[in-house]
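This report refers to the structure that appears directly beneath it.
Throughout, read-outs are computed from the coordinates displayed, never taken from laboratory work. Computed from a predicted model, the values in this text were never measured in an experiment. Don't worry about glycine lacking a Cβ; one is built from the backbone with ideal geometry, like all the others, and counts go over all protein chains shown.
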Amino acid sequence: MRRIPDLINPSAALFRAMTCKIRRYGLKGGLAAIAAISLLPAGCATVPPQPGFHSLANTVSRRTGRRIIWNDNEKADRQIRVAIAGLLSHNLSPDAAVQIALLKNPALQADYERLGISEANLVQAGLLRNPVFSFDLRFPARPYHGWDASIDQTFLDLLFLNVRKGIARAKFAARKAEVAANVLNLAASVKTAFYKVQSDEQLLHLDKKIRMAAHDGLRFARHLRQAGNIAQLLYDEQLALYQQSRLTYANAEAQMLEDREVLTALMGLWGTHAAWRIQPHLPPVPGTDPRLTGLESLAIRQSLAIRAARSRLLAAVRTLKMAGAAGVLSGATVGLNYVRDPDVASTLGPAISIPLPLFNQGQPAIARARAKFLADCRKIDAIAVNLRAAVRRRWVSLIAARHAAVFYRRILLPLRKRIFKETQLAYNGMYAGPYPLLLARQREIRAMRKAVQTAGDYWIARAALENTIGGMLPAGQAGHIAIPSRKPAGKTNHK
């Protein structure tokens, strides 16, 4: 940090300019010139429309392949309405649901408006405070009234103008990174809610089949009971199975409606738009997933949280550089003073007001800035460590979900289907009764239900991993998951 006398030297040129203007143009013209000089560093300050939004939109497009629109005028509102109407005219896909949310979600639009607040702070940081003009008139007149006039400017505004602009610029960059992170978090939340609704609708359809199968079993048991061919206990067991299937179906329907409302809120829809339709089936599990190698470093490079933390660290560094002088010189002013006195000659000269550092030499301000700087450093380390652990955890969840989904699709579900077909053949040949057939059918449907659940878990885990690494997953590679063989194991004699 430069020494205080070295920092004061640049103001000498300002004093000389003020004095020259007074001597050249007289008092009135000189004071007007002084005011003009004090306003020169500020210039004409305006806040640009949609500050920082172009770079934000580019970041979102690269990370998600989707576009965002700041709805701050009638043209943008019309574009959003047309886009949403086109997307809602078809069954929604995950990408379509994400696009609707990025266009319509009101919380996201509020984040865009907060960008305007940060930009206004940046513009404000580049402005000097308005100079203060003072005028004193003295009585009585001997032979005319004596008076004083002065114009003062806060010293720190002149001294740390560029530093304050740098701090505000770093904070604005941090805010942009935070808004971009909010956009990606919303996209991940929409995908998660979408896959839940898709899974819920498929599960509801299967639960309806289970209820119908249980109802058929109950009706058959009622006929047998009325004929006296089965005991009351067997009939009650079948009745309990049917009642349980009814409750399961009702719970599944309630869960589907609840998850649907969550997705509707995330997309920012209401009214007639809330009657959206969704693609009926979950997408198939892809053949490969990315390796863990490289995902951690990719997440670190793309982390918007780390980017925001680094920007705030830069602001803390600049605050630390000016902390000492700012703590001591707070309230200091420089200016020009003119005195007209009937008894003595009129005088003109610079005016300086500097606090005496008797009780506060700036140590608390320096300690506070230093603690903020160290805290921001530690925060970056903490974010990086937690992010790496989160990547590994999400990847393990993805692999486990893939293992379960592939196992049910390739192993268990085909086995249950084969058991049902064999039981049906046995029933047609009168080698099996109706109850084994109904039981085989129920177990087949339950396996189908579990296959849907595991597929939904896979896509939810994939959306979580994408959100953790801050963008779309790289191309996958095969050979990471050990799927049990479909061939039966060799025969073993047990004695």
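Quick one: which of 349-362, 452-465 comes out on top by average Cβ neighbours within 10 Å, and what's the full order, highest first?
By packing density, highest mean first, the sequence is 452-465, 349-362.
Where in segment 157-176 is the amide nitrogen less than 15 Å from a point lying 7 Å along the Cα-to-Cβ axis of VAL132?
The answer is 157-158.
Given the Cα-Cα distance of ARG392 and ARG219 and 0.36 nm per residue of separation, how much length would full extension add, in nm?
Using 0.36 nm per residue and subtracting the Cα-Cα distance, I get 57.1 nm.
To the nearest µm²/s, what D does Stokes-Einstein give for segment 173-237 at 37 °C and 0.692 mPa s, using the Kirkwood radius over alpha carbon pairs as Rh?
Once the numbers are plugged in, D ends up at 205 µm²/s.
Quick one: check the C-alpha center-to-center distance for segment 428-462 versus segment 149-215, whole angstrom.
40 Å
If you filter segment 253-312 for trypsin sites (Lys or Arg not before Pro), then keep DSSP loop positions with at most 10 other Cβ within 10 Å, what is left?
ARG277
Given points 7 Å out from each Cα along the Cα-Cβ axis, report the ALA265 to PHE139 separation in nanometres with one decimal.
It is 6.9 nm.
Note the direction-averaged projected area, equal to a quarter of the hull surface, for the Cα convex hull of segment 94-157, in nm².
If I average the Cα hull's projected area over directions, I get 8.0 nm².
Per 0.36 nm of contour for each residue apart, how much would the distance between LEU234 and SER346 grow if the chain were fully extended, relative to their Cα-Cα spacing?
28.6 nm
Taking the alpha-carbon distance from LYS171 and a cut-off under 20 Å, which aspartates and glutamates remain once sequence neighbours fewer than 8 residues away in the same chain are dropped?
Reachable aspartates and glutamates: ASP111, GLU113, GLU119, ASP157, ASP376, ASP381.
What is the Å³ per residue value for the convex hull set by the Cα atoms of segment 98-224?
Here the figure is 179 Å³ per residue.
Starting from the Cα gyration tensor of segment 142-213, take the square roots of the eigenvalues, sort them a ≥ b ≥ c, and report rounded, prolate or oblate (rounded when a/c is under 1.5, otherwise prolate if a/b is larger than b/c, else oblate).
Prolate, because a/c is 1.5 or more and a/b exceeds b/c.
Hey, what D do you get for segment 181-317 in µm²/s if you plug the Kirkwood alpha-carbon radius into Stokes-Einstein at 4 °C and 1.567 mPa s?
It diffuses with D of about 66 µm²/s by this estimate.
Longer than 22 Å from Cα to Cα, which of LYS75/LYS176; LYS104/LYS379; LYS209/LYS421 are they? Say none if no pair is.
As for pairs spanning more than 22 Å Cα to Cα, those are LYS75/LYS176; LYS104/LYS379.
Could you list the residues of segment 189-227 with an amide nitrogen less than 17 Å from a label point located 7 Å from the Cα of ALA83 in the Cα-to-C-beta direction?
190-191
Charges at C-beta only: +1 for Lys and Arg, -1 for Asp and Glu. How large is the resulting dipole of segment 286-395 about its Cα centre, in Debye rounded to 20?
Computed about the Cα centre, the dipole is about 920 debye.
From the convex hull of the Cα coordinates of segment 281-402, what is the mean projected area in square nanometres?
Averaged projected area of segment 281-402's Cα convex hull equals 15.3 nm².
PRE reach from ALA250 (point 7 Å along Cα→Cβ): which of segment 173-210 fall under 19 Å by backbone N?
Only 204-210 pass the distance filter.
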